[in-house]
Amino acid sequence: MVEPDGLICSSAALVDGGNGVRFTVRGAEGAAIPAFAIRHAHQVHAYVNRCAHRGVELDWDAGRFFDLERRYVICATHGALYDPATGACRGGPCGGGLVKLEVIEKNDGVYLVPTGLHR
Ligand code: FES
């Protein structure tokens, strides 16, 4: 779960094109929703960890969200490709985009913006 101050992880935990950091957010009815943060092209992005195709988490190996070229976020189940910066479908059986979470990076940390759950 995200820390009360919104801290997801340290900035250093997110290497550009490297493994992501998994965390959870609270949904509207209090349920824990899996999410992840990544760094791509030096920018941090975060999404609900739910493929738009079948609703499963994207990473089989925890934290591995990028394809081999580290160009797209990939779903390990059937290979749907998503734009790392927007969550938009870029190939495969997406059927839609990822749900983006608003995050900011400050003071060497990555923070969830409290009302940031949006598509
Ligand atoms: S469940 Fe993700 S591509 Fe099918």
To check you understand DSSP bridge types, tell me what percent of the beta bridges within segment 7-112 (both residues inside) are antiparallel, rounded to 5. 95
Taking the Cα centre of segment 7-112 as origin, work out the dipole magnitude from +1 charges on Lys and Arg Cβ and -1 charges on Asp and Glu Cβ, in debye rounded to 20. 120
With a 1.4 angstrom probe the carbon and sulfur portion of accessible area for segment 7-112, in percent, totals 50
Would you mind calculating the relative contact order of the chain from Cα pairs under 8 angstrom and at least 6 residues apart, reporting the percent as a whole number? 24
Centroid-to-centroid separation of segment 50-76 and segment 1-43 [C-alpha atoms, Å]: 15
Here the cysteines of the chain lacking a cysteine partner under 4.7 Å (Cβ to Cβ) are Cys9
With a 1.4 Å probe and all protein chains left in place, how much accessible area per residue does segment 7-112 have, in Å²? 50
Based on the alpha-carbon gyration tensor of the chain and its eigenvalue square roots a ≥ b ≥ c, which shape applies: rounded if a/c is under 1.5, prolate if not and a/b is larger than b/c, or oblate? oblate
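The values are calculated or read from the model by the stated rules, or taken from the named source; none is laboratory data. None of these values were measured; they are calculated from a predicted model. Don't worry about glycine lacking a Cβ; one is built from the backbone with ideal geometry, like all the others, and counts go over all protein chains shown. For accessibility, only protein heavy atoms count, side chains too; no ligands or nucleic acids. Shrake-Rupley method; radii C 1.70, N 1.55, O 1.52, S 1.80 Å.
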